[in-house]
C-alpha cells in the first residue's frame, strides 16, 4: 500500500472511531489509571482514551511498512544495478566484446551474466526488433552490415562492428584503404593486410612504403600489375621487384600465380623472362612459373629445352599442353592446364 494513502486512511479511521465512541457509546470520562512509580493516565474522555492504543497500533503498522519499504528499496537498487550491468553486457556482446565480466549482486542476474560471458549472441538472418526496443539500432546496423551495406558509424558501436563495416567498404571502394590503415591498433591484422593490398592498387609507391609492415603476397601482386602501366603505373626496376618478391614466402603455386599476374601487367616480355630466370637461380620451385611465361609467349621450343635442361618432375600437365599445342595451337587455353594441377 502507498504510505501516503495509508496515513490518510488511518487518520480518517481514527477520527471516525473517536466520533463513533463519543456519539453512540459514551460521552463520559474515564477515571485516572495508576501505572507504576507515580505515573498514571489522567482523566480524559472515553473517546480520546480509545484513540491512544489505536494510534499506537497505526504508528507501529506505519513503522512496519517503512521498514519493508527500506528493505525493498535496497533490494530493488541491487536488482536495478544488476539489470543495467546485464544490459551493458548484452550491448558489449553484440559489439563483439565477450570478455567483459561485470560483478553482479543478485543470484539471478549473476547466473544470467555468467552464461552471457561464455556465449556469443548470433543474430538470425532478417532479425527485427520492435521500434521501442533499446537494442533495435545496433541489431539493425549489424544486420545491414552482414548484408553488405556500408554505414556511417561512430565509435560507440564498437571496433568489431566497425571492422565488418570496413570490409564492406573495401569491397565497394579501394580508396578507403589508407583511412583504415591510419587507424592503427584497433582492428585485426587480416583487415590491415587486406586494406594494404587494396592500397597497392592505386597509391603512389612512397605511400605504399609508408605501410610496408602489412606487406603480403596479395599486395605484391597488386603492385606488379601496375609496373610500367600507363594509368597509375609504378616505375620499378628488377632489383626492387626482386626485393619485394624475396620479402614474402613463395610456394610453387605462388610462382605460377606470379607468372599469371605479370602476364596482365605492362612489363615487357624480355623483362618477364629475365625476372623468372633470376628467380630460378634462387629457387627451383620457380620453374613452373617460368615455363608458364615461356608458353604464354608462344616459346614452346624454349620450354621443351628448359624441361630437358632442368629435368623437371611432376609436370605432366605441362608436357600434355606442349604436345597438344603442336596439333591444335589455337584451341588450347594455357590457364586451364595449369589450373587443373591444383
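The values are calculated or read from the model by the stated rules, or taken from the named source; none is laboratory data. Bear in mind the structure is a predicted one, so any value in this text is a computation, not a measurement. Because the Cβ atoms are built from the backbone with ideal geometry, glycine has one as well, and the counts that use them run over all protein chains shown.
Summed over the range 124-139, residues that are at pLDDT 85 or above and assigned to a loop (DSSP other than H, G, I, E, B) total 7. For the range 150-171, taking the residues that are assigned to a loop (DSSP other than H, G, I, E, B) and exposed (fewer than 13 other Cβ atoms within 10 Å of the Cβ), the one that is farthest from the chain's Cα centre (by Cα) is identified as 152. Hey, can you tell me all the residues within the range 236-250 that are over 33 Å from the mean Cα position of the chain (by Cα), touching a residue at least 12 places away in the same chain (Cβ under 8 Å) and part of a loop (DSSP other than H, G, I, E, B)? Across the range 236-250, the qualifying residue is only 236. For the criterion of being over 24 Å from residue 291 (Cα atoms) and either over 33 Å from the mean Cα position of the chain (by Cα) or touching a residue at least 60 places away in the same chain (Cβ under 8 Å) (or both), residue 233 passes. Checked against (1) exposed (fewer than 13 other Cβ atoms within 10 Å of the Cβ); (2) under 29 Å from the mean Cα position of the chain (by Cα), residue 68 passes all but a single condition, namely (2). Restricting attention to the range 169-186, the residues that are at pLDDT 90 or above and either touching a helix residue (DSSP H, G or I) at 6+ places or on another chain (Cβ under 7 Å) or more than 23 Å from residue 231 (Cα to Cα) (or both) add up to 7.
When restricted to residues that are at pLDDT 85 or above, within 11 Å of residue 205 (Cα to Cα) and surrounded by fewer than 17 Cβ atoms within 10 Å (Cβ to Cβ), the range 225-245 contains 2.
Candidates in the range 173-189 are the residues that are exposed (fewer than 11 other Cβ atoms within 10 Å of the Cβ) and part of a helix (DSSP H, G or I); of these, the one that is farthest from the chain's Cα centre (by Cα) is 182. The residue that is nearest to the chain's Cα centre (by Cα), among those in the range 122-145 that are farther than 22 Å from residue 89 by Cβ and loosely packed, with under 13 Cβ neighbours inside 10 Å, is 125. So for the range 214-230 (the condition being part of a loop (DSSP other than H, G, I, E, B) and free of Cβ contacts under 8 Å to residues at least 24 places away in the same chain), does at least one residue qualify? Taking every residue of the range 214-230 in turn, none turns out to be part of a loop (DSSP other than H, G, I, E, B) and free of Cβ contacts under 8 Å to residues at least 24 places away in the same chain.
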